[in-house]
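S.K.: Have a look at this one.
The values are calculated or read from the model by the stated rules, or taken from the named source; none is laboratory data. The structure presented is a predicted model; accordingly, all values stated were derived computationally and were not measured. Don't worry about glycine lacking a Cβ; one is built from the backbone with ideal geometry, like all the others, and counts go over all protein chains shown.
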Amino acid sequence: MNETKLLNKKWYLYLTEFFAGMGVMAVELGASRLLAPYFSSSQIVWTIIIGTIMIAMALGNIYGGRSADKNPDPDRLYLRIIIAGVWIAAIPVVGKFIIIAITGLLIVSVNTNFLIWAAFLSCMIIFVFPLFLLGTVTPSLTKYATISLDDNASVVGSLGAANTVGSILGTFLPTFVTIPAVGTAITFLIFSGILIVIGIIYFISKRGGKRIIAASSVLFILCAFLGNSDSFAFWEKGLTFEGESIYNYLQVKENDRAIFLSTNVLFGVQSIKMKDDELTGLYYDYALASPVMAGLKDKENASILVLGMGTGTFAELCRKYYPKAKVSGVEIDEKITYLAREYFALPEEIEVTTYDGRAYLDAVDEKYDLIMVDAYQDITIPFQMSSTEFFSSVHDHLKEDGVMVVNMNMHSDEEGNINEYLSDTIASVFDNVYTADVAGSTNRELFASDKADMAETFENEIAYIEDDKYRDMMNRVSAGLEKYEGGELILTDDRAPVEVLGMRVIDALIQDELVYYKELYKEGGFNALIGEI
């Protein structure tokens, strides 16, 4: 074995194991943030990330053990660590382009499960190789650290402990420190730099590997220079804000008419503020039927709660048309609330609590005239806010004639779709449920109450709305309002497969959208497709 004085000191072996474990977990968490803007941050995407990383680690363990037995040269291990570090440093530079390229190729080749295939292949190409290399660390170090069979078990245990402690730090540091502070790209660079330094120190200690040291240093500096941007939407120009929080990738952009917030999925709009303070033309306008149903016009001390506040689109509309009502909200992402105040002019009078929506209801006793549930974002539906237990909690926090409105996206006519499950679940809790589809989108607004004359109140009150645009909007909602009769598709805390149900709808919606691009490809080939994208 080509040993160095450094390797004769076991602490360096344990240090190597510690930072390898840290690097694996940091890359895993970074992977979720890299993929989220393109594929969402659902449990399905997390499953793909964890699954592919476990495959890489398993293969690395096998190869590392066999390689150490055949040729126990530490140079080979520390070279692999350096290569893994350089690869990880390059992810912020090329990762986004790989994802876009894979998505473009799959447009013309995949007919079902598009999102799953795109996320899986992206993970395989971007993350499997460096994590395969890091998977070789533990069996290789076991070979170098074991002197005799008498201490074999204790050595393996110590290495495992070092790896575990490193993994713990590699889990907490990106989530709570580096990603919120400096972003995903710099997080990749920080942890890749640590791995490269571990390898460089080894080669310096044996007074060799000058070319390896020089090449890895140059490549890391190049990656740091080219990949230190936190921009995921590299094709976007003139964004007002782009950054990250503990929970989300965040993007604020504006045009002459409005300011928009997108979170995680680049092409969706989660919040909007019209610069003329008029109606948005989106689902928020349909949701304004709920205060009419609740009879807020005639109430002196009306109270409105928004679960999933975003930047306050619905809250501000309620405040505009019902100035006497107290409007408050709950938003789990504190950074979004900051953006709401900074870029969307959310008034300080509208209180926002940083908390999970369901946990907030469990913590307060107040009852409300209206509760808006707007926490569903494409496939990312929090299961704890989709069950009978959650909607029962909402029911208990409504006044006797109170109304709940739920924004459901991913509308589908397929039997047994996610919205049917949500509607059946809500109908099992509330006596009266009505729905209205939002024109030109996949959103559906659901209104629920124990108030027997909820629909009649709505019809009668429309004529007394003073604002012409608001009244016209409510007439449109009235024309599409349908009573919903509940079925047997009930979601509970124990069984709420919202990710799988949502994935089915997303897949169908994507397939509908891909028809155009597939026809374009047939007519003009890849050049026409790339030009359109």
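S.K.: Report, by residue number, each residue of the stretch 308-338 that is over 15 Å from Gly402 (Cβ atoms) and part of a loop (DSSP other than H, G, I, E, B). Show your work before the answer.
M.R.: Filtering the stretch 308-338 for residues over 15 Å from Gly402 (Cβ atoms) gives 308-317, 319-321, 323-324, 329-338.
Gly308, Met309, Gly310, Thr311, Gly312, Pro323, Lys324, Glu331, Ile332, Asp333, listed by residue number.
S.K.: Has the stretch 287-296 got at least one residue that is in contact (Cβ under 8 Å) with a residue 40 or more places away in the chain and either under 21 Å from Thr354 (Cα atoms) or under 20 Å from the mean Cα position of the chain (by Cα) (or both)?
M.R.: No: the stretch 287-296 contains no residue that is in contact (Cβ under 8 Å) with a residue 40 or more places away in the chain and either under 21 Å from Thr354 (Cα atoms) or under 20 Å from the mean Cα position of the chain (by Cα) (or both).
S.K.: May I ask you to list the residues in the stretch 369-387 that are modelled with pLDDT under 80 and in contact with a Phe, Trp or Tyr (Cβ under 9 Å, 6 or more places away or on another chain)?
M.R.: Hit for the stretch 369-387 is Ile379, nothing else.
S.K.: Of Glu466, Glu461, which residue is assigned to a helix (DSSP H, G or I) and either outside the structural domain of Tyr283 (by TED's automatic domain parsing) or among the acidic types (Asp, Glu) (or both)?
M.R.: Answer to the check: Glu461.
S.K.: While we're on this one: Evaluate the stretch 10-30: report whether one residue or more is out of contact with any helix residue (DSSP H, G or I) (no Cβ under 8 Å at 6 or more places or on another chain), farther than 25 Å from Ala185 by Cβ and free of Cβ contacts under 8 Å to residues at least 40 places away in the same chain.
M.R.: Among the residues of the stretch 10-30, at least one is out of contact with any helix residue (DSSP H, G or I) (no Cβ under 8 Å at 6 or more places or on another chain), farther than 25 Å from Ala185 by Cβ and free of Cβ contacts under 8 Å to residues at least 40 places away in the same chain, which makes the answer yes.
S.K.: Shifting gears a bit: Please go through the stretch 345-396 and give me each residue that is among the β-branched types (Val, Ile, Thr), part of a loop (DSSP other than H, G, I, E, B) and farther than 26 Å from Val269 by Cα, ordered by number.
M.R.: Once the filter is applied, which keeps residues that are among the β-branched types (Val, Ile, Thr), part of a loop (DSSP other than H, G, I, E, B) and farther than 26 Å from Val269 by Cα, the stretch 345-396 yields only Val364.
S.K.: Another one. Going by what's in this entry, would Ala363 be described as closer than 19 Å to Met404 by Cβ, free of Cβ contacts under 8 Å to residues at least 12 places away in the same chain and in the same structural domain as Lys297 (by TED's automatic domain parsing)?
M.R.: On the way: closer than 19 Å to Met404 by Cβ: yes; free of Cβ contacts under 8 Å to residues at least 12 places away in the same chain: yes; in the same structural domain as Lys297 (by TED's automatic domain parsing): yes.
So Ala363 passes the test.
S.K.: So, in the stretch 296-307, how many residues would count as being crowded, with 21+ Cβ neighbours inside 10 Å and not in a strand (DSSP E or B)?
M.R.: 2
S.K.: Keeping to the stretch 366-399, report how many residues are of a type in the set (Asp, Glu) and either over 19 Å from Ala427 (Cβ atoms) or not assigned by TED's automatic domain parsing to the domain that holds Val292 (or both).
M.R.: 4
S.K.: Looking at Ile246, Ile304, which is the one that is among the aliphatic types (A, V, I, L, M) and modelled with pLDDT of 90 or more?
M.R.: The unique qualifying residue is Ile304.
S.K.: Sticking with this one: From the list Phe383, Phe344, which residue is aromatic (Phe, Trp, Tyr), touching a residue at least 40 places away in the same chain (Cβ under 8 Å) and surrounded by fewer than 17 Cβ atoms within 10 Å (Cβ to Cβ)?
M.R.: Within the list Phe383, Phe344, the selection yields Phe383.
S.K.: Looking only at the stretch 427-440, count every residue that is in contact (Cβ under 8 Å) with a residue 60 or more places away in the chain and either closer than 11 Å to Ile490 by Cα or under 25 Å from the mean Cα position of the chain (by Cα) (or both) and tell me the total. Break it down into steps so the answer makes sense when it comes.
M.R.: Of the residues in the stretch 427-440, the ones in contact (Cβ under 8 Å) with a residue 60 or more places away in the chain are 427-428, 436, 438.
Restricting the remaining residues to those that are either closer than 11 Å to Ile490 by Cα or under 25 Å from the mean Cα position of the chain (by Cα) (or both) gives 427-428, 438.
Within the stretch 427-440, residues that are in contact (Cβ under 8 Å) with a residue 60 or more places away in the chain and either closer than 11 Å to Ile490 by Cα or under 25 Å from the mean Cα position of the chain (by Cα) (or both) number 3.
S.K.: Could you list, in sequence order, all residues of the stretch 68-116 that are modelled with pLDDT of 90 or more, of a type in the set (A, V, I, L, M, F, W, C) and more than 28 Å from Arg33 (Cβ to Cβ)?
M.R.: Leu77, Leu79, listed by residue number.
S.K.: Any residue in the stretch 199-227 that's in contact (Cβ under 8 Å) with a residue 40 or more places away in the chain: show its pairings with residues that are not in a helix (DSSP H, G or I) at Cβ separation under 6 Å, as long as the two are six or more apart or on different chains.
M.R.: Phe203/Gly209; Ser205/Thr4; Lys206/Thr4
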